[in-house]
Amino acid sequence: MEIELQEIFDFISAIPPFDRLPPEVVTAVSRKITIRYLRRGRSLPPLGVEEHRLYLLRKGAVSIHSHRNTLLGKLGEGDVCTAFCLGDAHEPFRVEVEEDTLLYTLSCEEVEVLLQQYPDVLAYFHHTASHRLNLTMMKMEENRSLPSLLLQTPVRDILRAPAVTAPQTVTIREAAIRMSEARVSSLILTADEQPVGIVTDRDITKRCVAQGLSTATAVAEIMTRTISSVSSATDAFEAMMKMTRNHVRHLAVIDDGTLKGMVNVSDLLHLEGRNAVYITNAIRKAESVAALKEQSKTLPQLQWQLVQAGVPAQRITEVMTAVGSAITRRLIQLAEEKLGPPPVAYGWVAAGSHARREQSSHSDQDNALFIGDDLRDEDAPWFEALAKFVSDGLAACGYSYCPGEVMATNPRWRLRRDQWSKLFRKWITTPSPKALMYSSIFFDLRTVYGDKSLLSGVREEILQLTPRSELFLAHLTHNALKLKPPLGFFRDFVLVHDGKHNDTLDLKHNGLAPIVDLARIYALAEGATAVATIERLQEVAGTPSLSMAAAANLEDAFEFIGTLRIHHQAQQIHRGEEADNFMAPSAISKLERAHLKDAFKVIQTLQSYVESRYKVG
């Protein structure tokens with residue numbers, strides 16, 4: 001093979017999707033390639049070229065713009081410009097040469113002929129990066145290994161008998177007799193034959209016997225008026241998650257308003273051994289920080305097991321967060337037992353990934369206290385002691401202290417409700433650099449324990465302000481765009497160079513965080529109440545801020561990068577190493593690298609859109 005042909009062969013045989021072709025086909029492709037050189041400022045196709053062609057960038061860079069002059073993406077060395085082979089359905093665009101560029105090119109018709117025996121490879125040239133990523137996610141979903149019975153079993157299959165009911169007017173003693181005769185641990189209470197509450201064996205023990213309450217008292221006095229429920233089609237995994245999130249042991253099964261039965265924690269434990277429900281059940285019973293620390297040690301192994309079971313990344317982070325929330329709640333309860341009852345109402349609020357339910361097995365702690373406006377000076381030491389007890393307990397359980405001290409132990413983040421309201425308003429109206437840094441944390445909040453209305457009231461106020469605050473959104477966008485997807489112009493990714501994690505990809509800060517930031521901007525621009533990234537994208541999809549297609553593309557990118565990250569961490573856990581977010585490119589297969597580039601291109605494109613919308617800079 002002549003030298004020039006060999007150079008072409010070596011170059012394209014390492015580029016997806018050509019790397020999936022046998023050598024003889026790559027050689028045939030190489031022989032058909034024409035070499036072109038274009039100066040900066042020119043456009044594709046070059047002057048005089050009328051036919052649709054495929055362009056491989058050997059050196060240099062090009063940018064793709066929509067007919068509205070919005071930047072859709074950039075391509076560098078090693079990238080393939082498929083735009084001219086996508087067909088007439090693709091929206092109008094233009095391609096500009098940003099640097100002196102050397103191109104390998106062949107006609108789309110020649111591509112069709114040469115690769116007709118390889119439809120999977122050929123499909124690559126017929127789809128955009130976002131479409132390729134979507135197909136990948138669909139295939140991943142189809143091919144998931146699902147040995148977990150919790151994922152495979154609908155709730156209807158573990159219902160053993162109809163729910164046992166009684167009028168809310170029966171006495172506690174009568175309720176206990178009915179439960180004993182039916183051999184159940186819960187009773188649905190009704191009024192006019194409609195469910196109005198639930199009482200469990202634990203309620204009778206704690207709220208009646210332990211309090212010395214007469215068993216002749218109406219059971220309505222001790223019942224829980226909020227009934228947690230699922231439909232019979234819900235899979236057992238989601239039922240488990242609902243129990244964990246709501247810290248309950250029983251779920252009513254209701255279809256179209258009709259009570260079908262009850263499912264309890266024991267039903268799930270019998271279905272599958274040690275899982276999040278088992279762990280959170282043990283956490284609720286823990287009587288000391290030391291006992292909680294022992295339970296927290298099981299989290300890495302739980303993450304490994306969920307990965308092995310083929311559980312999607314989003315669900316794994318939900319499980320990890322739910323267990324983290326359970327640890328937090330139990331620490332607060334232990335603190336209250338030690339310190340006495342709270343002097344005024346308060347809410348312990350999680351921030352960041354904990355609030356978004358996007359934690360892995362162990363993360364930094366970000367938290368704050370929202371305290372009632374009736375807080376007195378003499379009450380402050382109680383909340384200071386609470387914050388120290390809980391924060392130290394979280395650290396003992398593996399949730400390290402926040403390096404930036406975004407914790408309730410910091411008096412700055414232990415405020416009355418009215419003080420929080422003023423602080424948020426100041427951040428929105430005066431978007432200083434520090435305000436923007438804190439906005440990326442404190443606009444993602446969720447009450448883990450206590451009075452939820454304290455946070456929800458403030459959130460309602462600020463979400464009325466943010467859609468009209470163009471200056472704040474512009475500054476927030478400028479701040480968010482500092483985190484870019486690590487796409488370089490030199491055939492590979494831009495890697496971290498900091499010694500400890502040298503030559504790695506930071507999947508969290510350069511992969512997931514840009515999507516988290518975009519979703520936050522969209523949510524604030526539309527006044528959306530969701531906090532989790534995927535829920536935000538779904539809530540704003542189809543609004544002026546984000547099209548349905550773009551929202552779906554970002555969801556795919558978030559799930560793909562999240563899956564890569566969670567699997568990387570699982571492998572580290574399996575090897576006995578500390579889990580992190582830094583992945584060496586050598587650990588990523590060629591196919592994964594191609595999909596990862598597609599995910600990064602999706603992020604890059606949406607960052608360009610939002611940058612243009614708020615005229616950043």
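The values are calculated or read from the model by the stated rules, or taken from the named source; none is laboratory data. The structure presented is a predicted model; accordingly, all values stated were derived computationally and were not measured. All Cβ positions, even for glycine, are placed from backbone atoms using ideal geometry, and neighbour counts span all protein chains on display.
For the reader, a short list of remarks on this structure follows.
- Output for region 378-401, where each listed residue is more than 18 Å from Gly340 (Cβ to Cβ) and either of a type in the set (A, V, I, L, M, F, W, C) or modelled with pLDDT under 95 (or both): Leu394, Ala395, Ala396, Cys397, Gly398, Tyr399, Ser400, Tyr401
- Filter result for Thr82 (in contact (Cβ under 8 Å) with a residue 12 or more places away in the chain and buried (at least 18 other Cβ atoms within 10 Å of the Cβ)): yes
- When region 94-125 is limited to residues that are under 32 Å from the mean Cα position of the chain (by Cα) and surrounded by fewer than 16 Cβ atoms within 10 Å (Cβ to Cβ), the one that is farthest from Gly76 (Cα to Cα) turns out to be Asp120.
- Subset tally (residues that are at pLDDT below 90 and either surrounded by fewer than 24 Cβ atoms within 10 Å (Cβ to Cβ) or assigned by TED's automatic domain parsing to the domain that holds Lys242 (or both)) for region 324-364: 3
- Residue within region 307-318 that is touching a Ser or Thr at 6+ places or on another chain (Cβ under 8 Å) and under 29 Å from Ala380 (Cα atoms) present: no
- Residue match in region 152-163 (condition: at negative phi, at pLDDT below 70 and not in a loop (DSSP other than H, G, I, E, B)): yes
- Residues located in region 216-244, provided they are in a loop (DSSP other than H, G, I, E, B), over 19 Å from Asp256 (Cβ atoms), at pLDDT 90 or above and of a type in the set (S, T, N, Q): Thr217
- Set side by side, the residues Val531, Val516 differ, and just one is in contact with a helix residue (DSSP H, G or I) (Cβ under 6 Å, 6 or more places away or on another chain), touching a residue at least 24 places away in the same chain (Cβ under 8 Å) and part of a loop (DSSP other than H, G, I, E, B), which is Val531.
- Test: Ser145 is exposed (fewer than 13 other Cβ atoms within 10 Å of the Cβ) and modelled with pLDDT under 75: yes
- Scan of region 538-549 for residues that are touching a Phe, Trp or Tyr at 6+ places or on another chain (Cβ under 7 Å) and in a helix (DSSP H, G or I), ordered by number: Val540
- Of residues in region 278-310 being β-branched (Val, Ile, Thr) and assigned to a helix (DSSP H, G or I), the one surrounded by the most Cβ atoms within 10 Å (Cβ to Cβ): Thr280
- Put simply, of Leu423, Leu476, Leu436, Leu445 the only residue that is assigned by TED's automatic domain parsing to the domain that holds Glu535 and at negative phi is Leu476.
- Thr226 being surrounded by fewer than 14 Cβ atoms within 10 Å (Cβ to Cβ), under 20 Å from His247 (Cα atoms), out of contact with any strand residue (DSSP E or B) (no Cβ under 9 Å at 6 or more places or on another chain) and hydroxyl-bearing (Ser, Thr, Tyr): no
- Identification of helices (runs of 4 or more DSSP H) wholly contained in region 324-439 with 3 or more residues that are in contact (Cβ under 8 Å) with a residue 60 or more places away in the chain and under 27 Å from Thr533 (Cα atoms) yields 352-355.
- Qualifying residue in region 463-486 (condition: surrounded by 15 or more Cβ atoms within 10 Å (Cβ to Cβ), of a type in the set (Ser, Thr, Tyr) and at pLDDT 95 or above): no
- Scanning region 227-265 for residues that are small (Gly, Ala, Ser) and in contact (Cβ under 8 Å) with a residue 60 or more places away in the chain yields Ser231, Ser232, Ala233, Ala236, Ala239, Ala252, Gly261.
- Qualifying residue in region 25-42 (condition: on the phi < 0 side of the Ramachandran plot, at pLDDT below 90, surrounded by fewer than 19 Cβ atoms within 10 Å (Cβ to Cβ) and of a type outside the set (A, V, I, L, M)): no
- Residue match in region 505-526 (condition: modelled with pLDDT under 95, surrounded by fewer than 16 Cβ atoms within 10 Å (Cβ to Cβ) and either in the same structural domain as Pro16 (by TED's automatic domain parsing) or over 20 Å from Val610 (Cβ atoms) (or both)): no
- Residue in region 575-595 that is touching an Asp or Glu at 6+ places or on another chain (Cβ under 9 Å), surrounded by fewer than 17 Cβ atoms within 10 Å (Cβ to Cβ), in the same structural domain as Leu518 (by TED's automatic domain parsing) and under 19 Å from Arg315 (Cα atoms) present: no
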